[in-house]
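The values are calculated or read from the model by the stated rules, or taken from the named source; none is laboratory data. These numbers were taken from a predicted model, which means no experiment stands behind them. Glycine also receives a Cβ, built like all others from the backbone with ideal geometry; neighbour counts cover every protein chain displayed. Side chains included, ligands, DNA and RNA excluded: accessible areas come from the protein's heavy atoms. Shrake-Rupley method; radii C 1.70, N 1.55, O 1.52, S 1.80 Å.
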Amino acid sequence: MRAASFTLTLTAAALLLSLMLGACGGGDEGDAAQGHLLSERFLRVGEELETEIEAFDGALPPTLSEALNPERTAETLDEDLVALPVHPDGVLLGSYRVRRSDGVNTFILFYDVEGDDRGVEAALREQLDQSPWQVIGGQSTGSLSWVSFQSTVSGNVDGQAAITPLPPAESEDGGTRTLASVAYFLNIQPAVPPDPRPFVLPPSREPPADFPLPFLLEGMEILDVAWLTQPGTTFYQATLLSTESSFDVAERYRQAFEAAGWEVQEDRAVGFATVVSFASEDGTAVAQLTIDAFEEDDAYTAVLVQFQEGS
């Protein structure tokens, strides 16, 4: 029931992180530190506070091999270790490791490759389609191409390679050379997920000033809220939490809407949830409430509010 969090697409991540890593690759140490700070802030957008982010300028994450080979021992030979195949002509710019509280590791590796992006893409399609890897999809456009792949020996490992053409660069002889940027996004699920952390109620979010009543009943905490205004129409969505029972919360909302002059349009059970729809007296606004136990902690009742006003 919790509203979907804002997430950035990998396309945007590839483009913006390429710029940030470019800032880290040149200049003095202060410039590099500022570049890493900017990229760390970007990667934190939409992440939990507990997410760990590490940056490695001109190097691979030291834990990458360990993450790809969780069962290796001191006797495991190097040739038996799983490794991510990268373009043989790639020049490593740097990398990131993002570790979330659910144990998922995302490794992001950036390379520059001399050559046409179409040729680079073709090489990666072939390279990433050899055991212990296989290509499972892709997309190719004039500005960005993707190759999606997964491990053939572990269902916990998958990834994408993004190929972006770069402006021509000056070569050593004064001419120009064609370059492509390759960003590898490698996602590794833990073999044994960690125990979920107990839910801790965060501070209630602040609704917009015109958030409509009677949605905000006394004693309700706002877990998340979203709104969108378009010509003639306004949308609101919020997840509210209460320590009261689902039955009591539903009854309080029925009374609050009745007192505000709203009419019940629908009142039904969907599984263990209660779904109640209301319409304003003049018919210009409608609302739907889904009331159920909060999935992250059943000590709370969650109310998903969806509201539309206007045509």
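A few points about this structure:
- Dipole axis of the chain (+1 Lys, Arg; -1 Asp, Glu on Cβ), positive-most option in L179, A55, A256: A256
- Sparsely packed chymotrypsin sites (Phe, Trp or Tyr not before Pro) within region 250-307, loop by DSSP, other Cβ within 10 Å at most 13: F272
- Placing R0 at 41 angstrom, the Cβ-Cβ distance between L37 and T152 gives a FRET efficiency of 0.60 after rounding to 0.05.
- In order along region 271-284, phi translates into HN-Hα couplings of x, 8, 8, 10, 10, 10, 10, 10, 9, 5, 4, 8, x, 8 Hz, rounded to whole numbers, per the Karplus curve 6.51 cos²θ - 1.76 cosθ + 1.60 with θ = phi - 60° and x for Gly and Pro.
- Taking 7 Å steps out from each Cα toward its Cβ at S204 and T234 produces label points 2.0 nm apart.
- Calculated from backbone phi, Karplus (6.51, -1.76, 1.60) coupling profile of region 290-297 in Hz, x at Gly/Pro: 10, 10, 7, 5, 6, 5, 8, 6
- Peptide packing: for 48-59, 192-203, the average count of neighbouring Cβ atoms within 10 Å per residue gives the ranking 48-59, 192-203, highest mean first.
- FRET efficiency for T284 and W227, using Cβ-Cβ distance with R0 set to 22 Å, rounded to 0.05: 0.85
- Cα gyration tensor shape of the chain, rounded if a/c is under 1.5, else prolate or oblate by comparing a/b with b/c: prolate
- The chain, relative contact order [Cα under 8 Å, separation at least 6], %: 12 percent
- About its Cα centre, the chain has a charge dipole of approximately 400 debye under the convention of +1 per Lys or Arg Cβ and -1 per Asp or Glu Cβ, with nothing else charged.
- Computed [θ] at 222 nm, deg cm²/dmol, the chain (DSSP H ≥ 4; -39,500 (n - 2.57); rounded to nearest 500): -6000 deg cm²/dmol
- Förster-model FRET efficiency, 41 Å R0, D78 and D267, C-beta, rounded to 0.05: 0.05
- Entry for region 231-311 at q = 0.15, 0.25 Å⁻¹: log10 I(q)/I(0) = -0.53, -1.22, Debye formula applied to identical alpha-carbon scatterers, no solvent contribution.
- Principal-axis tilt of helix 10-25 within the chain, Cα atoms, nearest 10 degrees: 50 degrees
- Cα gyration tensor shape for region 35-158, rounded if a/c is under 1.5, else prolate or oblate: oblate
- Region 66-205, relative contact order in percent, only Cα pairs under 8 angstrom and at least six apart counted: 24 percent
- Solvent-accessible area of region 175-311 (1.4 angstrom probe, protein heavy atoms only): carbon and sulfur portion equals 52 percent.
- Computed over protein heavy atoms with a 1.4 Å probe, the accessible surface of region 83-143 works out to 47 Å² per residue.
- With the simple spin-label model, which puts each label point 7 Å out from Cα in the Cβ direction, the E66 to E50 separation comes to 2.0 nm.
- H87, H36, ranked by accessible area, largest first (probe 1.4 Å): H36, H87
- Converting phi to 3J(HN,Hα) with the Karplus coefficients 6.51, -1.76 and 1.60 and the offset θ = phi - 60°, region 115-125 yields x, 6, 4, 5, x, 4, 4, 4, 5, 5, 4 Hz in sequence order, with x at every glycine or proline.
- Anisotropy class assigned to region 78-118 is oblate, per the alpha carbon gyration tensor with a/c at or over the 1.5 cut-off and a/b no larger than b/c.
- Per residue, region 211-311 exposes 53 Å² of accessible surface when a 1.4 Å probe is rolled over the protein heavy atoms with every protein chain present.
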